[in-house]
Amino acid sequence: MKRFIFFLLLFGTCSPLFAQKFLAVDNYGRNRKKIYEGDQIIFKMKGEKAVYRDELYALKDSSFILYKSGTEIPLSEVEVIKFPRVFPRVLFGGFGFIGTGFLVSGAVQRDSENSHSKDIQLIQGAVFWAAAAATRPFWWKNYKLGRNSQAQVLDITIRKLP
């Protein structure tokens, strides 16, 4: 009886896996990124400088619907889709943490005896913060949709044959 309830629970929770649509973003034929319904999407429209950040509510054949505004965006109007990169953000946090440590230690208990060593710590802290700021342009991976890259809605639905 326990096995029957387990299998019933298993099949009850796995039913959404049989019908899924996702937005596949291909960059030069490799590095496919998948965005499912409910995931966050960050994109830029053609001819606009604004970057939109919202969740996918629904996917249609050649468009998607945003959650907050409820607007339907055709894929032909999207110019860039952005994905966050993790490693540059981790480097930014690490360099910022170390730089803050040097700046705080250089500012605490300054007197005439250790003024030179404290000045060096301030310079080291500023260098670490400059290294952290240098990672800022690498935070986003931009997929520019055009000739060599594309975005398409794929439907992977498992259907029973008659």
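So the values come out like this:
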quantity	calculated
Every residue from the stretch 59-89 that is out of contact with any Leu (no Cβ under 9 Å at 6 or more places or on another chain), more than 30 Å from Ala132 (Cα to Cα) and of a type outside the set (S, T, N, Q)	Lys60, Asp61, Lys68, Gly70, Pro74, Glu77
Residue match in the stretch 73-85 (condition: in a loop (DSSP other than H, G, I, E, B), among the aliphatic types (A, V, I, L, M) and under 29 Å from Leu59 (Cβ atoms))	no
Criterion: surrounded by 13 or more Cβ atoms within 10 Å (Cβ to Cβ), among the β-branched types (Val, Ile, Thr) and within 26 Å of the chain's Cα centre (by Cα) - qualifying residue of Ile156, Ile73	Ile73
Yes/no for Ser62 being of a type outside the set (A, V, I, L, M, F, W, C) and over 30 Å from Glu37 (Cα atoms)	no
Condition check for Arg53: surrounded by fewer than 16 Cβ atoms within 10 Å (Cβ to Cβ), in contact (Cβ under 8 Å) with a residue 40 or more places away in the chain and out of contact with any Gly (no Cβ under 9 Å at 6 or more places or on another chain)	no
From Phe43, Phe87, residue being aromatic (Phe, Trp, Tyr) and exposed (fewer than 11 other Cβ atoms within 10 Å of the Cβ)	Phe87
All positions within the stretch 91-118 that are without any contact (Cβ under 8 Å) to a residue 24 or more places away in the chain and in contact with a Ser or Thr (Cβ under 9 Å, 6 or more places away or on another chain)	Gly106, Lys118
Test: residue in the stretch 102-122 that is open to solvent by 90 Å² or more (accessible area, probe 1.4 Å), small (Gly, Ala, Ser), over 21 Å from the mean Cα position of the chain (by Cα) and outside the structural domain of Leu23 (by the TED database)	yes
Failed criterion for Arg136 (all others in (1) open to solvent by less than 60 Å² (accessible area, probe 1.4 Å); (2) touching a residue at least 12 places away in the same chain (Cβ under 8 Å) hold)	(1)
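The values are calculated or read from the model by the stated rules, or taken from the named source; none is laboratory data. These figures come from a predicted structure and were not determined experimentally. With ideal geometry, Cβ positions are generated from the backbone for all residues, glycine too; neighbour counts draw on all protein chains shown. Each accessible area value is taken on the protein alone, full model and side chains, heavy atoms only, with ligands, DNA and RNA left out. Shrake-Rupley method; radii C 1.70, N 1.55, O 1.52, S 1.80 Å.
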